[in-house]
Amino acid sequence: MSKRKNRWLKVALVLSLLSIAVGCDRNASNGSTSGGIADLGPAPAVSFRNLDGQTVNLAQYHGKVVLVNFWATWCEPCKAEIPDLIQIQKKYGNRNFTVLGVAMDQEGKSVVAPFAAKPQFVVAGQTVAMDYPIVLGTDQIATQFGGIIGLPTSYVISKNGQVVKRVIGMIDPQEIDRLIQQLLSS
Amino acid sequence: MKNGWIVAAVMAAATLLVPAAGAQMDSNTARTVVSTQVYVSLEPVPRGRTFDVAVIAHIKPTFHINAHKVLDQFLIPTKLEGHFPAGFRLASTGYPPGELRKFSFSPKKLAVYTGQMIVRMKIKAASGAPLGPSDLPLSLHYQACNDTYCLPPVTVPVSVHLTVARAGSAAKAAHPEIFRR
């Protein structure tokens, strides 16, 4: 009997550990805890090149809430959410917030620059271009963010440089809007 | 070990907590979305004969890759290319038409391949093609997405194994189910 009891205890222990692990991992991916803002660790100290060839350090946005959005011109879901990102930038861009678009096109500036500059996104009835800073991403930068599974992937970074949310796939604009408001008022 | 399996289970649980340090942008996953099988229409291939190669691409469920003819200049088309050694010349490459599908993330339909698709090449073995076994290296270039995210474009190697015989040798028609006229 005690052997059977032992066996069940062992099974229960393993199942508990596994469920804790899965639960923690899901929360980490979603960046949410019940009622609070998650903390996924400090944003990496990365440097990008912008479309003018200048170096842009993520650290220079310290003090601002930043939505880092990894995307590419060949990525349809990435392009589908750009109007939402433009909208968010318009709404909060003058309030210590910015979207930072990290383009992962291998062709780099030659493809990204004309794409970003072209008015092609319908926002509030108007056809506009991307209006937030665009920088060029690399595999090394993706590694510094912990590895990018696919595009789009977005990270929300608080004013004090902590990653508070990661989204794989398109953002939920309303959820992100609420989070940004929360971070700006904190 | 008495409780060795508990230790193993704990370690397995711990790995779920460790952030995936996967490939930078997940090219490794992208390469596993498509698996290929290759067939040659003649066994052996006599010198001077034109033969067919079929590359069957199996695309993982829930994923799609762009068709060869894309509907947007920025989309990356699926492309099969050959890097033929001396003695072999590509005559033509034929792609299936894409399936027009609407996805939740796109207001317009996209031309894509899902499930299984076949690319066919016509290749000529020249009169001086090397006799015996030969490998013709091909590369399949594609970019895959599912309903949520897109994986980076990748190029995967595909190898065609065939045997070249003297001109005029008897050649058996192989894989008629794939190469039926």
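None of the figures in this text is laboratory data; all of them are computed from the coordinates on show. This is a predicted model, so every value here is computed, not measured. Reconstructed Cβ throughout: ideal geometry from the backbone, glycine too, with neighbour counts over all protein chains shown.
If R0 is 30 Å, what FRET efficiency do you get for B:K102 and A:D172 from their C-beta distance, rounded to 0.05?
0.90
In deg cm²/dmol and to the nearest 500, what is the mean residue ellipticity at 222 nm of chain B if only DSSP H runs of at least 4 residues count, each as -39500 (n - 2.57), divided by the residue total?
Only helices count here, giving -3500 deg cm²/dmol.
For the pairs B:K69/B:K102; B:K60/B:K122; A:K79/B:K102; B:K79/B:K108, flag any whose C-alpha to C-alpha distance is greater than 18 Å.
Distance filter (> 18 Å) returns B:K60/B:K122; B:K79/B:K108.
Between helix B:4-17 and chain B, what is the angle of the helix's C-alpha long axis to the longest principal axis, kept within 0 to 90° and rounded to the nearest 10?
So the inclination is approximately 80 degrees.
What does the charge count near A:P114 come to, summing +1 for each Lys or Arg and -1 for each Asp or Glu among other residues with Cβ under 13 Å from its Cβ?
Cβ neighbours under 13 Å give a net charge of 0.
Take A:N96 and B:Q116, extend 7 Å from each Cα along the Cα→Cβ direction, and tell me the distance between the two endpoints in nm.
Output for this residue pair reads 6.0 nm.
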